[in-house]
Amino acid sequence: MKSDVVQYERTYKLLKSRIECGILPVGSKLPGRSVLCQEFGISERTIRRALELLEQDGFLEITPRKCPTVISAFALPQNLVPRGTRNADKAQVNDLLQTSILLCYPIYLRGLHLCTGDDWLTPEMILARMDPEQPEEFWQLSIRLWRFFIARNGNELLLRAVDGLGFRGKEPLNSSLEERVRYCSNIKKLLQTVKGGDEPEQTDLEAIFSQYIAIAEQAGENQFLQSVPVCPLLAEADGLDQQLSLMQERYSTVCLDLLGLIAIGRYQPGDRLPTHDQLQEIYGVSRDTSVKAIRMLQDWGVVTAAPRRGISVVLNLEGLQKIHIAPESIACHVRRYLDSLELLSLTVGVVAAHAVVHITFEDAGQIYKTIVWQYGHPYEHQMIPRTLLDFITDHIQYGALRSIYRVLARNFSIGRSIPKLVCRDKNPENRDIYQQCIAAVNILCDGDAAGFAKMTADMFERVHKLIMTECMRLGYWDAAMGVYEGESLWK
């Protein structure tokens with residue numbers, strides 16, 4: 001059973017997303033607590049805590065004996081510096097803008113294409129309310145419309161990545177009526193194009209993103225606040241690795257990572273794992289967390305532990321694949337893995353095209369040798385896609401984008417933490433993926449940058465589809481999808 005802390009955090013996020021996307025517009029009233037309790041399947045105490053958080057962050061006004069009222073689509077009252085923000089100078093703002101362009105174009109476009117039927121009602125309602133004569137409200141509604149199509153992907157990790165770039169809640173400081181009228185016309189044209197089944201031109205997307213270019217160009221050192229999200233996605237860039245989402249329990253993260261190291265053969269039966277002191281240092285966790293992680297491995301029969309004898313590995317991969325791991329116990333990790341693979345498959349093509357410009361011939365030759373060596377060695381061949389991802393990440397020139405991709409690379413390794421997803425031997429499916437990686441790097445060595453980006457994108461999309469199929473086959477899918485309801489982010 002999920003703790004009340006996890007439940008109210010989840011409920012808070014879902015209601016907050018509905019407010020920010022315009023599903024619950026300013027002035028609307030939330031249903032009564034009993035209705036919300038029934039909808040979310042939680043206690044009144046939990047819903048009360050979630051509503052209190054929304055009130056503290058400036059979204060709601062709560063009056064005794066009345067339903068909560070939405071008072072703002074953006075967090076916190078004016079003149080207060082939001083928690084977890086930092087000033088960004090011109091160079092940082094440009095870094096965030098370029099990251100937004102590379103990251104958001106494919107995400108936004110996919111969100112548009114996913115809309116069918118009644119899905120269009122909310123964006124069309126928002127568009128109808130965008131009055132060029134009212135600049136402040138116009139740009140706020142524009143942000144809400146933009147965010148709807150990001151949220152339409154139904155991926156919380158993806159949504160939080162975009163929110164973390166800091167453009168939400170901001171509008172151009174200077175814009176003319178003519179510019180706002182033209183901007184509104186561009187949005188209408190884009191929606192009509194996609195609804196009609198056609199593919200928008202690159203210039204159509206650029207016209208929509210001109211709002212963010214204007215924000216960046218007009219940003220002074222004290223005018224732009226970049227969100228520092230307390231979430232695993234951007235945590236690494238800001239030293240916030242410890243502040244993981246409460247839904248991702250740290251002890252199970254440690255447990256599964258150790259399980260993965262055993263599964264790929266880094267630890268063999270009879271080997272000793274690091275001591276509790278070493279585990280605490282490696283993973284940055286408390287002793288209580290490391291003890292819980294080892295106890296979980298003991299319960300599964302993977303290790304034995306005794307005072308002064310240390311922690312010893314008992315099972316190899318064959319044995320690990322026979323243990324029963326309840327889907328619910330790893331659901332959060334599987335969902336994080338799937339969400340990361342989706343974000344990766346959506347964006348890696350444009351990111352690789354950006355990175356390849358900064359890869360030297362010597363760099364390409366070295367990564368080719370590394371991957372060929374991994375292909376010929378037991379266990380190591382499983383690391384080939386991660387090696388290629390790390391290589392691309394190391395050559396990203398924008399700090400914000402590089403931070404996002406570093407965490408995606410780390411999340412990519414969740415796959416080796418689930419024994420039944422690990423395959424020691426090459427099979428037709430993974431052999432093709434490995435050979436595709438080698439072919440992509442070979443093309444890179446020949447100087448074909450566009451071919452490298454396309455082949456890399458195709459490979460990671462194939463990995464994403466393969467993992468989805470395997471999770472369904474192994475019975476992990478339903479539990480992972482139950483961690484949160486993707487439709488609730490926008491519907």
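Structure notes:
- Scanning segment 287-309 for residues that are more than 14 Å from Ser252 (Cβ to Cβ) and outside any helix (DSSP H, G or I) returns Gly301, Val303, Thr304, Ala305, Ala306, Pro307, Arg308, Arg309.
- Whether a residue is under 14 Å from Leu344 (Cα atoms), surrounded by fewer than 23 Cβ atoms within 10 Å (Cβ to Cβ) and acidic (Asp, Glu) was assessed, and Asp390 passes this test.
- Those helices (runs of 4 or more DSSP H) of segment 85-197 in which 3 or more residues are without any contact (Cβ under 8 Å) to a residue 60 or more places away in the chain occupy 90-114, 135-151, 177-195.
- Of the residues making up segment 369-417, just one is of a type in the set (Asp, Glu) and either part of a loop (DSSP other than H, G, I, E, B) or more than 22 Å from Leu258 (Cβ to Cβ) (or both), namely Asp394.
- Unique residue being outside the structural domain of Glu380 (by TED's automatic domain parsing), within 17 Å of Ser417 (Cβ to Cβ) and out of contact with any helix residue (DSSP H, G or I) (no Cβ under 8 Å at 6 or more places or on another chain) when the list is Ile282, Ile264: Ile282
- Residue in segment 295-342 that is nearest to the chain's Cα centre (by Cα), counting only those that are small (Gly, Ala, Ser) and under 30 Å from Gly154 (Cβ atoms): Ser340
The values are calculated or read from the model by the stated rules, or taken from the named source; none is laboratory data. Keep in mind it's a predicted model, so treat the numbers as computed, not measured. Neighbour counts run over all protein chains shown; Cβ positions are idealised from the backbone, glycine included.
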